[in-house]
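This report concerns only the one structure given below.
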Amino acid sequence: MSQVYNWQLGRTMHYPYEEKHPQWQFAFVFNTNRCIACQTCTMACKSTWTFSRGQESMWWNNVESKPHGGYPRSWDSKLLGMLETANPGGQAWDATAPDPAAGPYGQFKGKTIFEAAQTRIGPEGPQTVMGYLPTEDEWRSPNIHEDSAAGSNFAPGKFDGSSQLPEHRVWFFYLARLCNHCTYPGCLGACPRQAIYKRPEDGIVLIDQTRCRGYRRCVEGCPYKKAMYRGNTHTSEKCVACYPRIEGKDPEICEDGAPVETRCMAVCVGKIRMQGLVEIGEDGKWAPNPESPLYYLIRERQVALPLYPQFGTEPNGFYIPPRWVPRGYLHQMFGPGVDRAIEQYSCPDRELLGVLQLFRAQRQILFKFQIEKGPKIAEIPVRMPNGEERVQELFNDTIIGYNKFGKEVVRVTVDEPIIHRPAEKHANAI
Ligand code: SF4
Ligand code: SF4
């Protein structure tokens, strides 16, 4: 096994292949505080890519109600349990000395799926990736436990729910998921046919259908269970990141060849999603670029965090954690950066609030933003998670977004204008 550097873990780790990086990396930020589980994203993906025979249970995009829901069922708790068994009591972080560049969340001291696999000796020697194959039953119900809450006493007459921040006593939240186009993909590491590859131009992870023989090792090795098997073709398939849109080659929508966000992102009703490409330097690290909205949210402000970074695949999907959920649960899911992220999101400063306005303001991928300062329009009292009272100042700034070619493609203000439609033109509008 090779040694590769995983910035999300703040250390090197074992991986079956040598370290190698694309020029740009497909990435996204989801704001879980805003998802309404309308499943528009899920259906946009389903109606674009996986509507054919044999793909009935392929939900490349899904939205599950946490903590009970999951597709396939219990995908995360099962793997967390396996890792705990492999390294009892050792799956912990040292967050005492975070380094913004090399390890912004501190250092993970436990075992990743690649490291834990070495303790499992099969007939061919140590395994390369720790994982499991979900059962047919676990694949059967894509939205099981929708809206099921946790954490309350529901005995008759003894309801003790509360919606007081910082933590609700009765809680759930929606977790939208797709392939993370990981830097060190578990699916790729597990494939004995070398049928899975990561594109050097944008980091998108694809399965070569002509090489795949349907051994399902990728299904087993993907910790997020986003590689899926198709029975009638005997091959595995996964999210293709709508690559014609990312390449700027969709003739219907890509103006002058400018990259456009994927279908699931572009349709998002709750405006929780922003997708883009981050530039990777020659040294394999994210090239510092605080003018890129994604770089700003993930690396500069650390308000968006990777999903289960401890699995070790360096996923490129990042989440602004939900404010009301018990911290222990969030720490396990998003790592030790949770408190800082929620603190910033609870009372965003002028610049962060500006960047948050860009979510779903435009379907072209934004490579750069700029803020034009406007007048102060309000002061809002805010109670912080630690109980401290603060005053948030609101300014009517204008936020401008630019596409790959530096062309302005969106301009929004913090104070959204109210537009009155003439009554005579829209007599039957509601
Ligand atoms: S479209 Fe957006 S708001 Fe609706 S379920 Fe998907 S991520 Fe959530
Ligand atoms: S999320 Fe799973 S399928 Fe996607 S790249 Fe990572 S390991 Fe592979």
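Values quoted throughout were computed directly from the atomic coordinates according to the rules given, and no laboratory measurement underlies them. Computed from a predicted model, the values in this text were never measured in an experiment. Virtual Cβ from ideal backbone geometry, glycine too; neighbours counted across all protein chains shown.
Assorted remarks:
- Remark on Val260: its backbone amide H falls under 5 Å from those of Ile246, Gly248, Ile365, a criterion applied only to residues 5 or more positions apart or on other chains, H modelled at 1.01 Å from N.
- Antiparallel content of DSSP bridges confined to the chain, in %, to 5: 95 percent
- For region 110-121, 3J(HN,Hα) per residue [Karplus equation, 6.51 cos²θ - 1.76 cosθ + 1.60, θ = phi - 60°, Hz, x = Gly/Pro]: x, 10, 7, 5, 7, 6, 5, 4, 5, 8, 9, 9
- Using only alpha carbons, region 79-183 has a radius of gyration to Kirkwood radius ratio (Rg to Rh) of 1.07.
- Charge-dipole axis of region 313-430 as Lys and Arg at +1 and Asp and Glu at -1 on Cβ define it, positive-most pick from Gln344, Phe395, Gln370: Gln370
- The GNM of the chain, with springs linking C-alpha atoms under 10 angstrom apart, assigns the highest mean-square fluctuation among Gln275, Gln357, Gln25 to Gln357.
- Global geometry of region 155-268, whether rounded, prolate or oblate, following the gyration tensor of its Cα atoms and the 1.5 cut on a/c: oblate
- Set the Cα radius of gyration of region 26-124 against 2.2 N^0.38 Å, with N its number of residues, and you get 1.45.
- For region 273-421, the square roots of the Cα gyration tensor eigenvalues, ordered a ≥ b ≥ c, give a/c of at least 1.5 with a/b no greater than b/c, which places it in the oblate category.
- Structure-based [θ]222 nm, the chain - -39500 (n - 2.57) summed over DSSP H runs of at least 4, per residue, nearest 500: -4000 deg cm²/dmol
- Counted residue by residue at 0.36 nm each, then reduced by the alpha carbon distance between them, the extension gain from Glu56 to Arg120 reaches 19.7 nm.
- Considering all C-alpha pairs of region 256-355, those separated by over 22 Å amount to 36%.
- The simple Förster model, with R0 at 41 Å and r as the Cβ-Cβ distance, assigns Arg390 and Gln194 a FRET efficiency of 0.15.
- Percent breakdown of C-alpha pair distances by 20 Å bin, ordered from the shortest bin, for the chain: 24, 59, 16, 1
- Cα-based Rg of region 1-43 normalised by 2.2 N^0.38 Å, two decimals: 1.80
- All-pairs alpha carbon distance profile, region 238-291, 10 Å steps from 0, percent: 22, 38, 35, 5
- Calculated P(r) tail over 21 Å for region 330-409, as whole % of Cα pairs: 45 percent
- In a reduced charge model with +1 at each Lys and Arg Cβ and -1 at each Asp and Glu Cβ, region 103-207 shows a dipole moment near 300 debye about its Cα centre.
- Selection from Ile280, Ile419, Pro192 lying farthest towards where the dipole of the chain points positive, charges on Cβ: Pro192
- You can think of it this way: the chain between Thr85 and Asp147 has 19.3 nm of extra reach, that is 0.36 nm per residue less the Cα-Cα gap.
- Most mobile of Ser74, Ser163, Ser65 in a GNM of the chain (Cα contacts under 10 Å): Ser163
- Charge dipole (Cα centre; +1 on Lys/Arg Cβ, -1 on Asp/Glu Cβ; no other charges) of the chain amounts to roughly 920 debye.
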